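Q: Take this structure first; my questions come after.
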Amino acid sequence: MSIQGLFYLIAIILLVLAALPIGTRGVSLALLGAAFALLAYSWPTLTEG
């Protein structure tokens, strides 16, 4: 599994956890999941050259 795939997997897990009715203090799991998804999407651009 590539790094990009790992980031997508982490994003999916965080977004699923954000949909559950659990309380988290401070960090929004949905925003963290969205950040990991954006990182995974842009990974090829960030690592080229």
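Q: Evaluate the following for A18: is it at pLDDT below 95 and either outside any loop (DSSP other than H, G, I, E, B) or among the basic types (K, R) (or both)?
A: So A18 fits the description; yes.
Q: Being closer than 12 Å to Y41 by Cα and either small (G, A, S) or touching a residue at least 40 places away in the same chain (Cβ under 8 Å) (or both) is the filter here, so list the residues in the stretch 1-20 that pass it.
A: Answer for the stretch 1-20, where residues must be closer than 12 Å to Y41 by Cα and either small (G, A, S) or touching a residue at least 40 places away in the same chain (Cβ under 8 Å) (or both): I3, Q4, G5, A11.
Q: Please identify the pairs in which a residue from the stretch 24-44 that is within 14 Å of G5 (Cα to Cα) has its Cβ atom under 9 Å from the Cβ atom of a residue that is modelled with pLDDT of 90 or more and part of a loop (DSSP other than H, G, I, E, B), counting only partners at least 6 apart or on another chain.
A: Within 9 Å, the pairs are W43/S2.
Q: Next question. Among what's in the stretch 18-49 and is surrounded by 10 or more Cβ atoms within 10 Å (Cβ to Cβ) and hydroxyl-bearing (S, T, Y), pick the residue that is nearest to the chain's Cα centre (by Cα).
A: Y41
The values are calculated or read from the model by the stated rules, or taken from the named source; none is laboratory data. In this text the structure is predicted, and so the values were computed from the model without any measurement. Positions of Cβ are generated from backbone atoms using ideal geometry, with glycine treated the same way; all protein chains shown enter the neighbour counts.
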